[in-house]
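A.B. asks: Input: one structure, supplied below.
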Amino acid sequence: MDTEHTWAGRVSCAPMMDWTDRHCRYFHRLLTRRALLYTEMVTTGALIHGDVPRHLRFNAEEHPVALQLGGSEAAELAHCAKLGEAWGYDEINLNCGCPSERVQRGAFGACLMNEPQLVYDCVKAMVDVVSVPVTVKHRIGIDKTESYEFVRDFVGMVSEAGCRTFIVHARNAWLNGLSPKQNREVPPLRYELVHRLKHDFPELAISINGGFNDNAQMLAHLRLLDGVMIGREAYHNPWWLAQWDEVFYRQPPSVLTREEAERRMCDYMVREAAEHGTPWSNIARHMLGLRNGLPGARRWRQVWSDHRLKALPPHEVMAIAHEPAAAVA
């Protein structure tokens, strides 16, 4: 919607376990200044009983950035939402969409859609203690439930708790018989249900997630909805993000080159090693798709993935990575 073009959530990068850590988000922020970035899901147990700085530390450059929480106890979620706000996150998001068995055993994620009153209580508890937006990411249904009324009633009840933004993965979550990977691919996409939600709740911000891989698709949905969230495609083809500020936020075309993005990541690797002892290989894995489709890209990935080079400074690894690429080009 044109009137919403400055809202960060107009385009966002999805929370993805083991992928969207702070190093990945730093890299993505080099490519898009405007899109909203999400953390991996952080469970309430990890924050209450674990190392809070390890889970919540992020780079100042990442803003706007949202913290996704996983949990189902209202008081615990409220406590963790307050922590997230205190650490400086711009949004707190509740995971009601993850179908993994591990998450189900914790009685949260997608199975929460079967308990809208509980989600209401959880969201209300968080809204009452933080001033930043509290949002919910969820599916359109559970298992083989095809009813639109199921997701409509879920959104209706949770919105009454003070949630004004819903990010909807336009597939059902099958809680039995499918792996998390299969749950991202097997249940059919039903975009029309998300469009119906916006029609029925025009006062809410409704974003859509699932199956997008080009600008034209996204623009088509943005004519009907408030936002589009991109997951795996953004991770595997990160150079796509360099178009987003121009296409979706009406910013001047990016002047950043792939080589400059890589060089800045090398600078970041040096900083991370000095400040936190982080090996550059922990960071480089997130940018392996940067040169997809270019001559020498395979060799370039091999160099950045070569653990025999871990003792070298990142800028030297970059120079080695570009030797064969230059020769092929």
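The values are calculated or read from the model by the stated rules, or taken from the named source; none is laboratory data. Since we're looking at a predicted model, the values are computed, not measured. Methodologically, a virtual Cβ is constructed for each residue, glycine included, from the backbone with ideal geometry; neighbour enumeration extends over all protein chains shown. For the accessible areas, the whole protein counts, side chains as well, though only heavy atoms, and no ligand, DNA or RNA atoms are used. Shrake-Rupley method; radii C 1.70, N 1.55, O 1.52, S 1.80 Å.
A.B. asks: Once amide H atoms are placed 1.01 Å from N in the peptide plane, what residues at a sequence separation of 5 or more from Asn93, or on another chain, have their amide H within under 5 Å of its amide H?
C.D. replies: Those lying under 5 Å, H to H, from Asn93 are Leu67, Gln68, Leu69, Thr135.
A.B. asks: How much accessible area per residue does the chain have, in Å², with a 1.4 Å probe?
C.D. replies: Numbers: 14010 Å² over 329 residues.
Accessible area per residue, the chain: 43 Å².
A.B. asks: How far is the Cα center of the stretch 291-305 from the Cα center of the stretch 225-268, in Å?
C.D. replies: So the two Cα centres are separated by 18 Å.
A.B. asks: Counting other C-beta atoms within 10 Å, and keeping those with at most 13, which DSSP coil GluC sites (Glu not before Pro) do you find in the stretch 197-297?
C.D. replies: Filter output for the stretch 197-297: Glu203.
A.B. asks: While we're here: Which of the listed residues, Ala46, Cys24, Val129, is farthest toward the dipole's positive end in the chain, when Lys, Arg count +1 and Asp, Glu count -1 at the beta-carbon?
C.D. replies: Of the options given, the answer is Cys24.
A.B. asks: I need the calculated FRET efficiency for the pair Glu192 and Arg232, taking r as the beta carbon distance and R₀ as 22 Å, to the nearest 0.05.
C.D. replies: 0.45
A.B. asks: Hey, another quick one. Given 0.36 nm per residue, what is the gain on full extension from Phe201 to Arg271 after removing their alpha carbon distance, in nm?
C.D. replies: Between Phe201 and Arg271, full extension yields 20.6 nm more.
A.B. asks: Calculated from the structure, semi-axes √(5λ) of the Cα gyration tensor in Å equals which of (i) 30, 27, 23; (ii) 51, 23, 16; (iii) 34, 22, 19?
C.D. replies: (iii)
A.B. asks: Calculated from DSSP H runs of 4 or more alone, at -39500 (n - 2.57) each and per residue, what is the 222 nm mean residue ellipticity of the chain, nearest 500?
C.D. replies: -12500 deg cm²/dmol
A.B. asks: If you don't mind, another one. Most mobile of Ser179, Ser100, Ser207 per a Gaussian network model of the chain (Cα springs, under 10 Å)?
C.D. replies: Ser179
A.B. asks: If I stretch the segment between Arg308 and Glu259 completely, what's the gain in nm (0.36 nm per residue apart, minus their alpha carbon distance), one decimal? Mind showing how you got there, number by number?
C.D. replies: Working: separation 49, 0.36 × 49 = 17.64 nm, distance 2.27 nm.
Extra length from Arg308 to Glu259 when fully extended: 15.4 nm.
A.B. asks: I need the trypsin sites (Lys or Arg not before Pro) found in the stretch 263-329, filtered to DSSP loop residues with at most 13 other beta carbons within 10 Å of theirs.
C.D. replies: On the way: sites: Arg263, Arg264, Arg271, Arg285, Arg291, Arg298, Arg299, Arg301, Arg308, Lys310; in loops: Arg291, Lys310.
Here the sparse-neighbourhood loop sites are Lys310.
A.B. asks: Run the count for the chain, please: Lys pairs, Cα-Cα under 23 angstrom, 8 or more apart or on different chains.
C.D. replies: The number of close lysine pairs in the chain is 8.
A.B. asks: Could you check how much of the accessible area of the stretch 74-208 is carbon and sulfur, as a whole percent, using a 1.4 Å probe?
C.D. replies: Values: 2910 of 5550 Å².
Carbon-and-sulfur percentage of accessible area, whole number: 52.
A.B. asks: Which loop trypsin sites (Lys or Arg not before Pro) in the stretch 132-161, with loop taken from DSSP, have no more than 15 other Cβ atoms within 10 angstrom of their Cβ?
C.D. replies: Passing both the DSSP loop test and the Cβ count: Lys144.
A.B. asks: Now, a different point. Amide H of Ile208 versus every other amide H placed in the peptide plane: which residues, excluding those fewer than 5 positions away on the same chain, fall under 5 Å?
C.D. replies: Val168, Gly227, Val228, Met229
A.B. asks: Between Ala75 and His63, what is 0.36 nm times their sequence separation minus the Cα-Cα distance? Round to one decimal in nm. Mind dumping the intermediate values first?
C.D. replies: Numbers: separation 12, 0.36 × 12 = 4.32 nm, distance 2.69 nm.
Here the segment from Ala75 to His63 would lengthen by 1.6 nm.
A.B. asks: Using a Gaussian network model of the chain whose springs link C-alpha atoms within less than 10 Å, name the residue from Leu77, Leu312, Leu94 with the highest mean-square fluctuation.
C.D. replies: In the Gaussian network model the winner is Leu312.
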